[in-house]
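First comes the structure, then the notes that go with it.
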Amino acid sequence: MSFFNTARPFIIAGPCSAESREQLLETAGAIAPLGIQLFRAGVWKSRTRPGTFEGNGEPALQWLQEVKKQYNLPVAVEVAETTHIELALKYGIDVLWIGARTTVNPFQVQNLADALRGTNVPVLVKNPVNTDVDLWQGAIERFTKVGLTDVGAIHRGFTGYSSAGGYRNQPNWPIPIELKRRMPDLAMICDPSHITGNRSRVAEIAQKAMDMHFSGLMIETHPRPDEAWSDAAQQVTPAALATLLQNLVIRAEFTSDMSSQVQLEYLRQLMDNMDAEIIDLVSRRMELSDQMGDVKKAGNLTAFQPGRWRDMVENICEKAIAHRLPKEFIVQLYEMIHHESIRRQLAILEGRENEIKK
Ligand code: PEP
Ligand code: MN
C-alpha cells in the first residue's frame, strides 16, 4: 500500500520555503491539528531569476527534524541534486519530491534515481513545466526502475507564456488524467497553489481535483503569507487551510448506497441505448452521404463544397444554441463527421469504393 493512499484526500501542507526555525514550528503547530498527512517545506529553491532567496539548505533540515519529532508529522522536501538526497536522508526526511524544473531533464532525473537505488523512500514527481505526458511518465519510470516502489505524481500545472484563465500555470487537466489512465495505481496529488498562483482560487482548484478523483492535495501554507520569502501571493494561512479542508466535498467513485448505485445503473443503461441510436444515425447519415457521392460523380461536382459546409455550420450552431450546447463543441463534432463523409465521397469520385467500409 502506498504511503500516499493512506488517506483520501492525502493532504500535504506547509510553506513554500523553510525561512526560519520559528516559522516552521509555528506553521506545523497550527496545521498538525488539522490532521494533515505530510509537512512540506522547500529547503533548496530553484528560482527563475538569480539574486532571489534560494533556500536555507542544511540548517533547515534540522528544523524539519524538529517539526517531525515535536508534531509526529512526516516531512518532505524538494531535491534537485544528488547532494540534496544525501543530506535529506541523513536528516531523516520522509518523502522527497522532484520539482517541475528537474522533471524536464532526464539526465538529472536518472542521477537522482541512481542516488536512491537501494533505499525505499517515497518520491513524488511533479509534472514537467512543459505539456509532455511522456516526459512525466518517463521520470516516474526512472525511479521505479531503480527499485522504488512508492512513487507518486504531483500535478502543478504547465508553464507557458500565456496566463489564460488567470492561472500562474495552466492546469491542462487532460494531461494528469492521461497519466492516470496509463498508470492506474499512481497516486496523483494536485498542487492548486502553483496552478493558481493566487490564494483566493486555491480552494476552487482543490475541489475540482477532488471531483476528478485525485488522491490528494499539496497546499502551500504560511502563518503570514504576505511576508513569505517566496510565492507570497499563493500561500494560504493555517486558518484558510482549515476552512478549505472543512468545505472540501469528497465524492467517491463507487458507493455502497444502493439507491445511488441503482439510479446510476439505470441512467447508464439509458445512455448505452442512446449511444446505440447515435451510432445507428451516424451510419445512416454516411449512407446518405455515399448516395450524394454517386450524384456528385455523375454531375462532375467536387466532394468538398465550401458553401455547403458554411451553411451546415450555421445550421448546427443555431441548433446548438437552441439546445444550450457550446457551439465550439458541436462544430468540432461535426468537423469529424463531415471529414469522414468527404473521405468516403472522395473514394467514390476516384473509383476506390472498396476503401469506404474501412
Ligand atoms: C514548490 O513546490 O515550491 C515548487 C518550487 O514547485 P514547482 O517545482 O512546481 O515550481
Ligand atoms: Mn512554491
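The values are calculated or read from the model by the stated rules, or taken from the named source; none is laboratory data. Keep in mind that what you see is a predicted model, and the values were worked out from it rather than measured. Heads up, the Cβs are rebuilt from the backbone with ideal geometry, glycines too, and the neighbour counts pull from every protein chain shown. Side chains included, ligands, DNA and RNA excluded: accessible areas come from the protein's heavy atoms. Shrake-Rupley method; radii C 1.70, N 1.55, O 1.52, S 1.80 Å.
Taking the stretch 178-200 as the region of interest, how many residues are over 17 Å from residue 4 (Cα atoms) and away from ligand 1 (no atom under 16 Å from the Cβ)? Residues in the stretch 178-200 being over 17 Å from residue 4 (Cα atoms) and away from ligand 1 (no atom under 16 Å from the Cβ): 4 in total. When the residues of the stretch 55-81 are filtered to those that are aliphatic (A, V, I, L, M), within 16 Å of ligand 1 (Cβ to nearest atom) and part of a loop (DSSP other than H, G, I, E, B), the one that is nearest to residue 97 (Cα to Cα) is 79.
The set of residues in the stretch 91-113 being in contact with a helix residue (DSSP H, G or I) (Cβ under 8 Å, 6 or more places away or on another chain) and of a type in the set (D, E, K, R) consists of 94 alone. Which one of these is open to solvent by 100 Å² or more (accessible area, probe 1.4 Å) and more than 30 Å from residue 199 (Cα to Cα): 279, 330, 342, 337? Going through 279, 330, 342, 337 in turn, the sole match is 279.
Is one or more of the residues making up the stretch 299-311 open to solvent by 70 Å² or more (accessible area, probe 1.4 Å) and acidic (Asp, Glu)? Looking through the stretch 299-311, at least one residue is open to solvent by 70 Å² or more (accessible area, probe 1.4 Å) and acidic (Asp, Glu).
Of everything in the stretch 214-262, what is among the basic types (Lys, Arg) and either in contact (Cβ under 8 Å) with a residue 40 or more places away in the chain or within 23 Å of residue 171 (Cα to Cα) (or both)? Give them in sequence order. Within the stretch 214-262, just 251 meets the criteria. Within the stretch 30-54, restricting attention to residues that are part of a helix (DSSP H, G or I) and open to solvent by less than 30 Å² (accessible area, probe 1.4 Å), which residue is nearest to residue 74 (Cα to Cα)? Within the stretch 30-54, the match that is nearest to residue 74 (Cα to Cα) is 32. Applying the condition of being aliphatic (A, V, I, L, M) and closer than 21 Å to residue 194 by Cβ to the stretch 89-115 and asking which residue is nearest to ligand 1 (Cβ to nearest atom) yields 100.
If you take the residues in the stretch 14-28 that are part of a helix (DSSP H, G or I) and touching a strand residue (DSSP E or B) at 6+ places or on another chain (Cβ under 7 Å), which one is farthest from ligand 2 (Cβ to nearest atom)? Per the criteria, the residue is 28. Using the structure shown, decide if residue 162 is in contact (Cβ under 8 Å) with a residue 60 or more places away in the chain, farther than 17 Å from residue 98 by Cα and surrounded by fewer than 24 Cβ atoms within 10 Å (Cβ to Cβ). So residue 162 does not fit the description; no. Please go through the stretch 132-150 and pick out each residue that is of a type outside the set (Phe, Trp, Tyr), over 15 Å from the mean Cα position of the chain (by Cα) and either farther than 15 Å from residue 117 by Cβ or in a helix (DSSP H, G or I) (or both). Answer for the stretch 132-150, where residues must be of a type outside the set (Phe, Trp, Tyr), over 15 Å from the mean Cα position of the chain (by Cα) and either farther than 15 Å from residue 117 by Cβ or in a helix (DSSP H, G or I) (or both): 138, 139, 141, 142, 144, 145.
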